Amino acid sequence: MFETQAPPRVFAVPPGADFPRALVEGLRARSTGHPPEALARCDLVVNTRRMARRVRALFDAGPPCLLPRLSLVTGYADAACNQPLPPALPTLRRRLELTQLVGTLLERQPDLAPRAALFDLSDSLATLLDEMQGEGVAPEAIRSLDVSDLSGHWARTQGFIGIAEQFLQASGSALDQQARQRQMVERLITEWHSDPPGHPVLLAGSTGSRGTTMLLMKAIAQLPQGALILPGFDFDQPDRVWDRLDDALSAEDHPQYRFAKLLRELGLTPADVQPWTGEPAPCPPRNQLVSLALRPAPVTDAWMSEGPALNDLAHATGELTLLEAPSPRSEALAIALRLREAAETGQKAALITPDRMLTRQVSAALDRWNILPDDSAGLPLQLSPPGRFLRHVAGLFTKRLDGEALLTLLKHPLCHDGAERGAHLLNTRELELDLRRNGPPFPEGPGLAGFAERKKISADWVGWITHHFCGQLVRKHLPLSTWVQRLRHLAEGISAGHTGVAGGLWDKNAGQKALSLIDELEREAAHGGELSARDFADLIGALLAGEEVRDRDAPNENIMIWGTLEARVQGADLLILGGLNDGSWPEAPNPDPWLNRQMRHRAGLLLPERRIGLSAHDFQQAIAAPEVWLTRAVRSDDAETVPSRWVNRLTNLLRGLPAQGGDQALSEMRARGALWLKRADLLEAAPAIPPAPRPSPRPPVAARPRQLSVTEIKHLIRDPYAIYAKHVLRLRPLDPLVQAPDALLRGIVIHEILETFIKDSLLDGAILHRDAFLKRALALLETHVPWPTARKLWHARLARIADAFLAAEVERRNDGGPIAFEARMKKRLDPLDFTLVGRADRIDQNGRGALCIYDYKTGSPPSEKQQARFDKQLLIEAALAEEGGFESIDPTPVARAVFIGMGGSYSEIPAPLDNEPPERVWAELRQLIEAYFQPNQGFTARRMLHRDTDRGDYDHLARFGEWDRTATPCPEDLT
């Protein structure tokens, strides 16, 4: 295939060219005139599976021929070497072993890092170990670094590096993936020294950014029939720039740095690199423009000297579109519109971006037109239904079961999907409503059994919940093998449901992927040691996050979403380079807890800028495609964004070339982007909807409430709409699913504590002292409040006010005592056909036979002025007492009515009985009720709330926010 030559053989394809197509065409051209089997003797080594699939597809498209032997860079040495090595250690086993070693170190030296960082540190150390073995760097090379100015950090780092060394020594002859791959390449090179292959060996598509790959590339280039085909080689870059790409610390982030390093290793110059085919780049003027824009920082002065020579900027930028969207949503929608147009016209288009959030937004926007893009990355397994399900099940081991965790799993599509799924969902709905209304906050067997009895729910279904969900909390450490068995058994049991019919947990692509991960974890569990429930849940989450799954549905073959690496595969008519902001493309380097840049450089490890340089190379290839969009969002959700450094360079260069039409070209690029942003805005445009008026519904008199409680009179005065929604529409707000120790529960519990204590003290007056009060309070708190922190806090508040409360109670006892607790009230207002009901917390009778009414408040009691105008609860209760409205209590004068404040401090706020006598209160109440039985009286929303910040249960229904308290109520007659 090649003529014999002494120097290494290196070919290249310019940026923008369809690399796989050029590769295949070059192979076919060089096979012309040779026997048909000549191509079949050729070894073709490519860098990715997608590249291999595309090359095979191009060969399959014809004309017919024998195919070359196709393999990947990572597996070629295994296939070609005659001295095989044992299989590599499973990656999971190494990860588990490293986790154990790091965990042991953290236990011995807890000041190194928190336990929560265990898996992050283990993964980071595994990455460092991979890199050391891939680059051929021994632990001794790192230990010998001069770190005199970093002694504190280095001492901590040495502990972790020692783990890596310990791991390598313990592994013995067993090798992990990176070490085995490097040794295989070294063995292959040794064989080639004595017996080089006589058939062609070509390595195509790789940049040599990893040490092992560079080693193989150098060896293949020096074979008698070996050759390298480099992707995206900048033939327009002058020699003086290539000469500057000799220092990794300053040039690693340049797109051509890896090629410069490879050529130096091979003893070649850029002039020795020959085009693989004679096919030019799609737009040579654009390649020249981008090459100049991406010059390394020390030589950007070339813009001044070489910029004026760029005389064809209109051609260079004619198929470039710069879209600068105001938000990520606008960017995604504009991209989706352009991809939709491509799908309709049959144009092959690809979105290239490392921003997975952007790709999800674009996919969601395309879904409205039933366009499913071919996403190369797929979906992270942790976000798939089986991944979420397994994480929820593992979470059952970590904490006491609450209503949220229970219903999250019960509603999951993989829960109880074996049989009788419909009945399961109906039962789940009933259980949710019951938990919201009645609790308990932490469901257990007896409570669930009571629910089943009340609602006539299948005992088998409730028994299945009790067995699989309740009591799963594990506080001790268990072997990893035990954890995996528990997880698998529990997950399969929950998926099957109470019928026992196997569910679809392990079905489809995502389920099979999850099952393979669980199977592998079972095989390697012996190397995982003992873990707590939280550590195991974190491990499952980390393993699921590291896997990806692709949907089986057939995507649109012309619409693709790629990562940046796949810019080398190309083959699309339109490339959209999305998310071009700093921190996204290029991505910010991952923080390295072990070594800084200088230490990495001296040790021979990869620099953080390596990934930036690779991204730059991918950008240079992608922007040279026939038609290209450059898109970015000017603002993220919370701040202004910074344009990608490459977009900045390109726009700055164009603005600096007004004489060549650069500023005009840039304006036209932006104008094309603005056109699509306008189209996206039109797609999002919604008809103007006037704000809702302030409601004041007037239902028929017959539909208006005929009974209210005493406490609801305040709402009738302040927010009549709440009475309308509750009693006319019969709407009740749902209690929160996640029950918390809120003010409502605190009020209920404190009321019971006081009532129980006062009742007991009537039988035994000796308990009216601090210790007895607090002891009884603690007992009731432990019964009714299952939150330890809330119990302690509320008990401390009671302790703070206990002395004042007991002193006041003794004083109250000196003038009579309690005669009723939770006294029922009921009084009919004739002839209005209206009944007033309620309960009084406590009623005492003094020595003169008059009543004293008390109401406990755990919040702030209303002032006397508020009681006179709005909060008339005690005043109405006093009027009812004198009207004979209390059951078992004859009409009796009321001496006093008092709110007893049991909040942060003890207080007593009396009702203004002198200024608001019961007979006046009763007359005003009758007048108020009569007014709301008038057809023209509306139930106005938020009529007289205390503060604008007060929130009601029905504000959302009233559309509050579209109007405020200054708005005029809008009456509406209802039928």
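The values are calculated or read from the model by the stated rules, or taken from the named source; none is laboratory data. Quick caveat, the model's predicted, so the values are computed rather than measured. So basically every Cβ, Gly included, is an ideal-geometry build from the backbone, and we count neighbours across all protein chains shown.
Residue-by-condition table, conditions (1) closer than 16 Å to Ala624 by Cβ; (2) in contact (Cβ under 8 Å) with a residue 24 or more places away in the chain; (3) hydrophobic (A, V, I, L, M, F, W, C):
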| position | (1), (2), (3) |
| --- | --- |
| Gly571 | yes, yes, no |
| Gly578 | no, yes, no |
| Pro591 | no, no, no |
| Trp594 | no, yes, yes |
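Matching residues to (1) modelled with pLDDT of 90 or more; (2) aliphatic (A, V, I, L, M):
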residue: Asp719; (1), (2): yes, no
residue: Ala722; (1), (2): yes, yes
residue: Ala725; (1), (2): yes, yes
residue: Leu737; (1), (2): no, yes
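Specify which of the listed residues (Leu544, Leu521, Leu478) is modelled with pLDDT of 90 or more and under 30 Å from Pro786 (Cα atoms). Being modelled with pLDDT of 90 or more and under 30 Å from Pro786 (Cα atoms) holds for just one of Leu544, Leu521, Leu478, which is Leu478. Would a scan of the range 350-373 turn up a residue that is closer than 30 Å to Leu543 by Cα and of a type in the set (Lys, Arg)? Scanning the range 350-373, I find at least one residue that is closer than 30 Å to Leu543 by Cα and of a type in the set (Lys, Arg), so the answer is yes.
Test Leu407 against the criterion of being without any contact (Cβ under 8 Å) to a residue 40 or more places away in the chain, surrounded by 17 or more Cβ atoms within 10 Å (Cβ to Cβ) and within 16 Å of Val738 (Cα to Cα), and give yes or no. Spelling it out, it is not the case that Leu407 is without any contact (Cβ under 8 Å) to a residue 40 or more places away in the chain, surrounded by 17 or more Cβ atoms within 10 Å (Cβ to Cβ) and within 16 Å of Val738 (Cα to Cα). Of the residues Glu319, Glu306, which is within 43 Å of the chain's Cα centre (by Cα) and either touching a residue at least 12 places away in the same chain (Cβ under 8 Å) or in the same structural domain as Ile576 (by TED's automatic domain parsing) (or both)? Every option except Glu319 fails the conditions. Pairs meeting the criteria (first residue in the range 635-651 and in the same structural domain as Ile623 (by TED's automatic domain parsing), second residue of a type in the set (D, E, K, R) and assigned to a loop (DSSP other than H, G, I, E, B), beta carbons under 8 Å, at least 6 apart or on different chains) are Thr641/Asp582; Val642/Asp582; Pro643/Asp582; Ser644/Asp582; Arg645/Asp582. When we screen Pro910, Pro862 for residues that are under 23 Å from Gly816 (Cβ atoms), in the same structural domain as Gly838 (by TED's automatic domain parsing) and in contact (Cβ under 8 Å) with a residue 40 or more places away in the chain, the only hit is Pro910.
For the criterion of being under 26 Å from Arg730 (Cβ atoms) and out of contact with any Gly (no Cβ under 8 Å at 6 or more places or on another chain), Ala897 fails. With respect to (1) buried (at least 17 other Cβ atoms within 10 Å of the Cβ); (2) within 30 Å of the chain's Cα centre (by Cα); (3) hydrophobic (A, V, I, L, M, F, W, C), the lone exception for Phe451 is condition (2). Would you mind finding the one in Pro831, Pro818 that is free of Cβ contacts under 8 Å to residues at least 12 places away in the same chain and not hydrophobic (A, V, I, L, M, F, W, C)? Within the list Pro831, Pro818, the selection yields Pro831.
Would you confirm, using the coordinates I've provided, whether Ala394 is over 26 Å from the mean Cα position of the chain (by Cα) and more than 20 Å from Lys508 (Cα to Cα)?
No.
Residues that are basic (Lys, Arg) and surrounded by fewer than 18 Cβ atoms within 10 Å (Cβ to Cβ) were ranked within the range 84-137; the one that is nearest to the chain's Cα centre (by Cα) is Arg115.
If the condition is being closer than 19 Å to Trp922 by Cα and among the aromatic types (Phe, Trp, Tyr), then the range 809-850 contributes only Phe834. Scan the range 57-107 for residues that are basic (Lys, Arg) and more than 27 Å from Val484 (Cβ to Cβ) and jot them down. Of everything in the range 57-107, just one residue is basic (Lys, Arg) and more than 27 Å from Val484 (Cβ to Cβ), namely Arg69. The strands (runs of 3 or more DSSP E) found wholly in the range 317-376 and carrying at least 2 residues that are within 22 Å of Arg670 (Cβ to Cβ) occupy 320-325, 349-352. Those helices (runs of 4 or more DSSP H) of the range 10-115 in which 1 or more residues are in contact (Cβ under 8 Å) with a residue 12 or more places away in the chain, within 18 Å of Leu565 (Cβ to Cβ) and of a type outside the set (D, E, K, R) occupy 19-31, 49-60.
When Gly211 is tested against (1) at pLDDT 90 or above; (2) surrounded by 20 or more Cβ atoms within 10 Å (Cβ to Cβ), only condition (1) is not met. The set of residues in the range 880-937 that are more than 26 Å from Ile801 (Cβ to Cβ) and under 54 Å from the mean Cα position of the chain (by Cα) comprises Leu928, Ile929, Ala931, Tyr932, Phe933, Pro935, Asn936, Gln937. Applying the selection to the range 517-533, what residues are in a helix (DSSP H, G or I) and farther than 17 Å from Leu490 by Cα? Answer for the range 517-533, where residues must be in a helix (DSSP H, G or I) and farther than 17 Å from Leu490 by Cα: Glu520, Arg523, Glu524, Ala525, Ala526, His527. Taken together, the residues in the range 931-975 that are among the charged types (D, E, K, R), closer than 24 Å to Lys865 by Cβ and without any contact (Cβ under 8 Å) to a residue 60 or more places away in the chain amount to 5. Cβ-Cβ distances below 6 Å connect the following pairs, each with a first residue in the range 422-445 that is within 19 Å of Trp787 (Cα to Cα), a second residue that is surrounded by 16 or more Cβ atoms within 10 Å (Cβ to Cβ) and small (Gly, Ala, Ser), and a separation of six or more residues or different chains: Leu435/Gly403; Pro440/Gly447. All conditions but one from (1) free of Cβ contacts under 8 Å to residues at least 60 places away in the same chain; (2) closer than 15 Å to Ala823 by Cβ apply to Gln873; the one that does not is (1). Here is a check on your reading of the model: is Thr783 part of a helix (DSSP H, G or I) and of a type in the set (Ser, Thr, Tyr)? Here the answer is yes, as Thr783 does meet what is asked.
Residue by residue, here is whether (1) part of a helix (DSSP H, G or I); (2) aliphatic (A, V, I, L, M); (3) touching a Phe, Trp or Tyr at 6+ places or on another chain (Cβ under 9 Å) holds:
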{"position": "Leu268", "(1), (2), (3)": "no, yes, no"}
{"position": "Ala271", "(1), (2), (3)": "yes, yes, no"}
{"position": "Glu279", "(1), (2), (3)": "no, no, no"}
{"position": "Asn287", "(1), (2), (3)": "yes, no, yes"}
{"position": "Leu292", "(1), (2), (3)": "yes, yes, yes"}
{"position": "Gly307", "(1), (2), (3)": "yes, no, no"}
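Among what's in the range 585-623 and is of a type in the set (Gly, Ala, Ser) and either modelled with pLDDT under 85 or more than 31 Å from the chain's Cα centre (by Cα) (or both), pick the residue that is surrounded by the fewest Cβ atoms within 10 Å (Cβ to Cβ). Let's see the steps before the verdict.
Applying the first criterion (of a type in the set (Gly, Ala, Ser)) to the range 585-623 yields 588, 603-604, 613, 615-616, 622.
With either modelled with pLDDT under 85 or more than 31 Å from the chain's Cα centre (by Cα) (or both) added as a condition, the list becomes 588, 603-604.
Details: Ala588: 11, Ala603: 19, Gly604: 15.
Filtering first and then ranking leaves Ala588.
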